[in-house]
Structure formats: structure tokens, C-alpha cells
1. What residue, among those in segment A:177-198 that are part of a helix (DSSP H, G or I) and over 24 Å from A:L154 (Cα atoms), is farthest from the other protein chains (Cβ to nearest Cβ)?
2. Please go through (1) at pLDDT 90 or above; (2) within 12 Å of another protein chain (Cβ to nearest Cβ); (3) under 21 Å from the mean Cα position of the chain (by Cα) for B:S85 and return the number of the only condition it doesn't satisfy.
3. Could you pull out the residue among B:D247, B:D278, B:D241 that is surrounded by fewer than 19 Cβ atoms within 10 Å (Cβ to Cβ), acidic (D, E) and in contact (Cβ under 8 Å) with a residue 60 or more places away in the chain?
4. Within segment B:87-102, track down each residue that is surrounded by fewer than 21 Cβ atoms within 10 Å (Cβ to Cβ) and closer than 24 Å to B:A38 by Cβ.
5. Looking at segment B:300-323, can you tell me whether even one residue there is more than 30 Å from B:G110 (Cα to Cα), acidic (D, E) and assigned to a helix (DSSP H, G or I)?
6. Tell me which of these A:G213 doesn't satisfy, since it passes every other one: (1) surrounded by 18 or more Cβ atoms within 10 Å (Cβ to Cβ); (2) under 20 Å from A:A291 (Cα atoms).
7. Select from segment B:149-177 the residues that are buried (at least 20 other Cβ atoms within 10 Å of the Cβ) and either touching a helix residue (DSSP H, G or I) at 6+ places or on another chain (Cβ under 6 Å) or not in a helix (DSSP H, G or I) (or both) and list them in ascending order.
8. Out of the residues in segment A:76-103 that are within 32 Å of the chain's Cα centre (by Cα) and among the hydrophobic types (A, V, I, L, M, F, W, C), which is nearest to A:E301 (Cα to Cα)?
Amino acid sequence: MPHRTTVTTPPGAAEPAAPPVVPEGETTMTATAAPPRPPTSAERPARRPRATYRWSARGFALPAVLVVALLLYVPFVWTSYLSLTEYNGLGDPELVGLAKYQEMLTDAGFLNSLLNTVFWVVGTLVLPVGLGLVIAVLAYGLKASFWYRLPFLLPYAISGVAVGVIWTFVLQTGGALDEALGLFGVTDPPRWLLDAPLNTFVMIAAATWQGAGVNALLFTIGLQSIPKEPLEAARLDGASGWTMFRTMTWPMLTPLTTVVVGLSIVGSLKQFDIIWAMTKGGPGVSSETLALTMYKDTFVENDYGLGAAVAVFLTVVTVAASVLYLRRQLSGARES
Amino acid sequence: MKRTRILAGATAASLALGLAACSSGDDGGGGGGDGDGAALGFYTDKAAWEPSFDAMNEVSGADGSTLEFTGYSDSTAYDSFIKQSFRTKQVPDLFTWHTGSSLAELVDQGLVAETTDLWTQAEADGLVPEGLKDNYTYDGKQYCVPLNVAYWAVYYNKKVFADHDIEVPTTFEEMMAAAEKLKGEGVTPFHQMNIIFEFVWFQALLAGNAPETYEGLQTGDASYLDPEVVEVMDQWKQMIDDGYYNDPGVTTDPQTLLKNGDVAMAYFGTFLTGQLTDVGAKSGEDYGIFPMPSMNPASGDQTVLETGPLCVGKGSENEQAALDYSAWWMTDEAQKTWSSSRGDVSFNPNVTVEDPELQKLVDGVTGGDTTIQQRYLEANPLPVYTLSTEIFGDFVTNAPDPMPGLQRLQDEADTYWAEQG
């Protein structure tokens with residue numbers, strides 16, 4: 001198709017008297033077919049693409065849109081509907097209005113899950129993200145820095161359930177940690193997995209063990225993408241160490257920090273596997289998070305309506321947190 | 001352009017794949033058709049029991065139907081799979097389930113085939129003990145047949161008892177005296193755990209202290225705030241505070257703890273025998289079994305019986321063949337094979353189990369003076385049981401003041417019984 005518009009002057013022909021006539025609507029094609037040339041703002045293709053082109057673009061997008069609608073929106077609408085019903089997974093759901101939300105919000109167990117989820121969000125921001133940053137910055141620029149990062153990265157290859165099983169061996173009463181403490185004369189160690197909120201904290205530590213490495217990897221990529229010149233200039237101005245990091249490196253890492261923090265917020269809000277493997281949310285419901293409460297309400301207690309209400313709540317919180325955070329970060333980036 | 005085409009193609013392919021996956025429910029499975037010799041689609045959450053079901057196939061395969069085994073090891077995933085399968089055309093021919101409110105749910109929806117005739121025949125032939133039928137009766141009709149039974153009793157480590165010169169207790173008082181002695185000599189007397197089986201000591205103590213109250217809780221006729229219940233919680237708390245139990249933070253299996261003598265006694269269903277065999281402990285040599293003595297001797301002997309149903313999906317492809325198989329399941333021939341393959345007791349009174357400790361227990365508890373009680377988990381309304389896992393789990397772990405927990409349980413029970421009308 002493009003050849004039609006690119007052939008303007010036959011090789012060896014005399015200089016044409018007038019510029020070639022380009023048919024209406026073909027300008028964009030010319031632009032794309034032209035040899036690479038940095039576009040200037042003056043010649044930005046401003047005209048709207050032809051209607052048939054737009055329709056064919058929609059045609060190409062349609063399958064993807066259908067998949068998303070089928071796999072994401074339909075289940076979400078169905079879950080929202082279930083949250084307004086009394087349903088045990090058999091027969092037909094029975095509409096009960098907002099009763100399930102009321103039940104959810106007045107349940108002490110739910111409020112406890114909410115608190116634990118907050119612990120997880122804050123804990124995950126401080127530990128795996130913070131530690132990841134520290135590892136990346138400390139290892140960056142060192143000889144063989146890869147080998148320093150590798151041990152932190154390896155646990156990421158293990159599934160969350162396996163991480164939970166490993167840490168259960170370590171943290172159970174009389175487990176590896178208690179034995180190790182015994183060598184130092186600690187005879188009455190804390191009951192790591194039994195007392196709340198300690199059990200949530202140690203599980204966040206387990207998640208840190210798994211997650212810090214990949215954050216370090218992401219931050220390293222961020223560090224590598226920082227242009228050398230400003231840093232060099234700052235160094236010439238006498239900046240080094242902490243000042244260098246605070247005033248130069250950290251601000252320039254912002255785009256990556258945004259991604260890492262965003263992922264971490266979403267990941268911690270839906271934290272499930274490590275907790276399920278280590279305490280199943282117990283003892284009682286003391287270490288449950290919203291994701292566990294959702295699962296237990298639905299599949300263990302067969303209260304699909306209540307589980308769906310928790311799911312809707314969790315979705316709203318997750319989406320709201322992500323949107324608010326990303327919007328703030330990205331608008332901040334635009335301003336700067 | 002080319003890239004877009006590839007992308008569009010890939011999207012279309014994934015869509016097609018998804019649709020194919022959705023519609024593939026209609027083919028495969030079952031087969032065989034009605035009548036004798038059918039291959040019955042059989043689903044269970046007892047994946048580890050596959051060898052025993054294979055053994056059953058060898059006996060029934062000659063002239064009857066055989067099971068096509070699909071085993072789950074995660075019972076939550078299994079439960080939701082079974083529920084979902086009732087929404088499709090692929091209703092399972094045979095599947096294992098739970099008695100109590102879980103079975104009631106299926107019966108309410110008309111999803112399981114009635115087995116009243118099978119039970120009438122089995123009782124006439126003397127294949128089932130008295131009282132077992134109650135677990136399978138809803139509105140006067142029976143559904144499903146017993147897959148298995150387990151009696152709840154105290155397993156004890158024989159070496160620990162011998163080393164500390166302790167006789168097998170026959171009364172609650174003797175058992176407490178033994179616990180005190182063991183504790184004094186540095187041995188943890190009892191096993192308990194804060195998940196899955198957190199309710200069992202409540203069950204044992206209450207059934208032995210006040211059987212009518214234990215039964216009354218199941219029907220809404222008794223309250224968690226009744227003095228008999230409070231007595232039980234106080235007793236239980238005392239035992240925890242006195243250090244009679246292992247730390248619930250220990251996640252080692254009960255069979256291993258008992259075999260190693262880390263605990264001297266463990267209150268469990270007779271399914272523990274199989275688990276003890278798996279870790280190399282020998283019945284009669286390494287461990288023995290005695291019935292849980294009643295906390296209040298005036299209550300008489302009480303034993304908790306747990307039973308799991310084998311159900312026929314109503315409207316399943318091989319429904320009649322599956323019902324015939326269920327009838328065969330209760331016969332002496334089938335139960336002898338089952339009992340010897342599992343090394344476990346059978347509900348069929350004509351079948352003796354080879355393990356002398358188990359046989360002694362069964363003889364004792366089926367001898368006539370013992371009242372058979374249902375297990376707390378199945379006997380109580382699901383919302384109350386669910387809350388109890390939280391309350392008792394916390395109680396086992398922290399032994400708090402029992403009253404707030406009992407109050408919450410009673411509130412939940414009040415709500416439930418009010419809804420039932």
C-alpha cells in the first residue's frame with residue numbers, strides 16, 4: 001500500500017515543476033512510510049484517521065476486548081450480584097439487599113482482617129521494598145554485584161506455599177528458630193505463629209525473604225537507566241554518599257519506585273498463599289487478611305454472599321489504592 | 001501490520017480455547033451405561049485411600065460395577081467441585097461427602113438419590129448397627145450409605161505408660177491422676193491442636209459430663225451458657241493451665257508425637273490407627289486404645305461415632321448401578337475387604353477387624369451400655385461449628401476466660417435457630 005505514495009520522483013528524472021499531489025487522507029501513510037526522521041512538533045500528523053481505518057482497528061481490538069469482558073468484567077458483575085444474595089453454592093441465590101455488607105462490617109473477624117491487611121500493606125512497603133532498594137543501591141556499581149544480589153533473588157523462584165512451609169519449620173514452637181535461640185540461652189522464646197499480631201509480623205518477614213530480591217532487581221534496572229552525566233556533575237560539585245542518594249539518585253529513580261510501590265500495594269492487599277500455608281489465618285481468625293476471609297467465607301463456610309461482599313470490598317480498595325497512588329505519582333512526574 | 005495480525009490471531013485462538021474448555025464438560029467421564037458392570041464415576045476427597053478403593057474394585061469387578069476413581073486431597077476444593085458439578089450435566093455417579101448440615105444442604109436441593117430401601121434391607125440383614133441410620137436420615141427418609149465409621153477414643157503410648165508405671169485408666173479421675181503423674185515426671189500427658197480438631201476436647205468432656213446438653217446444643221434445646229457447659233470449659237482451661245497438653249504451636253503430626261512419646265495420650269478417631277501404621281507404630285505393642293472415660297461418671301459411657309457418607313448423585317448417568325453398588329458396599333463381603341485393606345473398623349457388625357486393640361474397643365463401645373454420640377463437627381449447625389473453630393482454636397492456644405466465647409457461640413446459635421423458625 002505505501003508504495004503508492006512514496007514514489008514521487010523517478011530516479012534520474014528532472015526536478016518536478018510542482019510538488020506531487022498527495023491524495024486526501026494519505027498523509028499519515030506517507031509519514032509512516034517516510035525514512036526515519038525525528039518528527040518536529042510542527043509536522044505532527046494532526047488529521048483524524050479515516051473511518052474505515054478506525055473500524056478495522058476496532059475489529060482487531062474486539063477479540064481482546066471480548067476476552068477481557070468475558071474473563072474480568074462478567075465475573076466481577078456476577079460477584080457483585082452474589083454479594084447481594086444469600087447463597088450456599090447450591091440451588092439459586094436469594095436476593096437479600098445489603099444484608100451481607102452489613103454482616104461483613106459488623107463482624108469482628110472482618111475488622112481484624114482489615115487491620116491485618118493494613119499491617120501487610122505497610123509492612124510490605126517498608127520491608128521488601130525498602131530492603132530491595134538498600135540491596136540494589138549497596139550492590140550497584142560493585143564488581144560482581146550480580147553475585148551479591150543473587151542470594152536475595154533465589155527465593156523469588158519458590159512458590160509462596162513452599163515459602164510458607166519452609167518458614168513454618170523455622171517458626172513453629174520448638175522449630176529451627178527456637179532451637180537456635182536456645183543455643184543463646186533463650187529458654188522462653190515468643191510464640192511466633194500463635195500470638196497476634198506477632199504472627200502477622202513474622203509472616204511479613206517471610207514474605208520479605210521472598211520478595212526483597214525481585215525488588216532489588218527492579219531497582220537495579222532503575223539505577224542502570226539513570227544517565228551518568230547529572231551524577232557526574234553532582235560528584236564534581238562535591239556530592240557523595242547520602243547527599244548524593246537523597247538529592248540525585250532517589251529523585252531520578254522515581255519512575256521505577258512508582259512501579260515497585262504500586263505492585264507492592266496491590267500484591268500485599270491480596271496476600272494469600274504464605275498465610276494460608278503458615279497459619280491458615282489462625283489461631284482462630286487472628287492472622288486472617290481480607291483475601292483469606294473472602295476464601296474462607298465462600299468456600300469453607302459456604303456463605304457465597306458474604307465471601308462475595310468481601311471480594312467486592314477488596315476489589316474496590318485495591319483499585320482505589322492503585323488509582324489514587326498512580327494518579328498522584330504520575331501527575332507529580334508530569335509537573336516536574 | 002504483520003504483528004497486529006499475529007496478535008489478533010493469538011487472541012482469537014485463546015478465545016477459541018477458552019470456549020472449547022467451557023463446552024468440554026459434555027464428553028468423557030462415566031461411560032458404561034446402566035445396569036451391571038458399569039464403570040461408575042467416583043469422586044472423593046480421600047485421595048490417599050486410592051489403594052483401598054482399588055482393592056474394592058478387585059472384589060466387585062468380577063460381577064458388579066467398578067469405581068473410576070478421582071481423588072482430591074484438598075477437601076475445600078473438593079467440596080466446591082462437587083457443588084459445581086451439580087450445576088452441569090455431569091452429575092457424579094458416586095461421591096463421598098459429610099454427614100450433618102453439609103448433607104442436609106444436598107438433600108434440600110434434591111441432589112442425592114434416596115436410599116431408604118437400601119437401609120431397610122441392610123437393617124433386616126443385620127449389616128448396620130443401631131443408631132447409625134440417624135446420621136443419614138432427613139425427614140424420615142435415608143440418603144447415602146456409610147462409607148466408613150470411626151469411633152473416637154484415647155490412643156496411648158504403651159512404653160510411656162509402662163515407664164511411668166501407669167495403668168490404663170477406666171475413669172476420668174484415674175485419667176487425671178495419670179496426667180498429673182506424667183506431668184510431674186516431665187511427660188506431656190495429652191495431645192491437642194488448634195486447627196481442624198480444635199473442638200474435640202470440648203466434645204469429649206461435654207458428652208461425658210452432660211450427654212443431654214451435648215445433644216441439646218445440636219437441636220437448640222440447650223445453651224452454651226448452661227452450667228454443664230461452663231463446667232466443661234473450666235475443666236478444660238484447668239487442664240491447659242496445668243500444662244496437660246502439648247503446645248499447640250507444634251505442627252508435628254499427632255501420630256508422630258504419640259509414637260515418639262512426646263505426648264502420652266491422644267484423643268482421636270480410629271482413623272488414627274492407619275496414620276500410626278504409616279509411621280511404623282504397631283498396635284498392641286507401641287500403642288493401645290481405651291474409650292474416653294466420662295467426666296461425670298453418672299452420665300454413663302459415651303462414645304462419639306463419626307461417619308462419612310457414600311452418596312449417589314440423583315439423575316446421574318449410572319444412578320441405578322450406583323445404588324446397586326451402594327447396597328453391595330454394606331455387605332459382609334465388601335466390608336471385609338474394606339476393613340482389611342484400611343486396617344480399620346467397619347460399621348458392619350459381622351465384620352471383625354484384625355487389629356486386636358481396635359476390636360477390643362469396638363466390642364466395648366458396641367456392647368450395649370455405651371451411648372453413641374455424633375461428632376460435634378457434623379452434629380451442629382454449620383455457622384455455629386464455623387464460629388466454634390475460631391473460639392476453640394483460640395481457647396486451645398491461649399486458654400482465655402471462656403465466658404465471652406460461649407456467649408458468642410450462643411448468640412450465633414440463637415440467630416441460627418431463630419432463622420429455622
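The values are calculated or read from the model by the stated rules, or taken from the named source; none is laboratory data. All figures in this text were calculated on a predicted structure; none of them were measured in a lab. Ideal geometry is used to build each Cβ from the backbone, glycine not excepted, and the neighbour counts take in all protein chains shown.
1. Here is the first cut: in segment A:177-198, the ones part of a helix (DSSP H, G or I) are A:177-183, A:198.
Checking which are over 24 Å from A:L154 (Cα atoms) leaves us with A:178-179, A:181-183, A:198.
Working: A:D178: 9, A:E179: 13, A:L181: 14, A:G182: 14, A:L183: 19, A:L198: 11 Å.
Among residues in segment A:177-198 that are part of a helix (DSSP H, G or I) and over 24 Å from A:L154 (Cα atoms), the one farthest from the other protein chains (Cβ to nearest Cβ) is A:L183.
2. (3)
3. On the way: B:D247 fails: in contact (Cβ under 8 Å) with a residue 60 or more places away in the chain; B:D278 fails: in contact (Cβ under 8 Å) with a residue 60 or more places away in the chain.
On inspection, the qualifying residue turns out to be B:D241.
4. Selection gives B:R87, B:T88, B:K89, B:Q90.
5. Within segment B:300-323 (the criterion being more than 30 Å from B:G110 (Cα to Cα), acidic (D, E) and assigned to a helix (DSSP H, G or I)), the answer is no, since none of the residues qualifies.
6. Of everything listed in (1) surrounded by 18 or more Cβ atoms within 10 Å (Cβ to Cβ); (2) under 20 Å from A:A291 (Cα atoms), A:G213 misses just condition (2).
7. The answer is B:V149, B:A150, B:Y151, B:W152, B:A153, B:V154, B:Y155, B:Y156, B:N157, B:I166, B:P169.
8. Filtering first and then ranking leaves A:L82.
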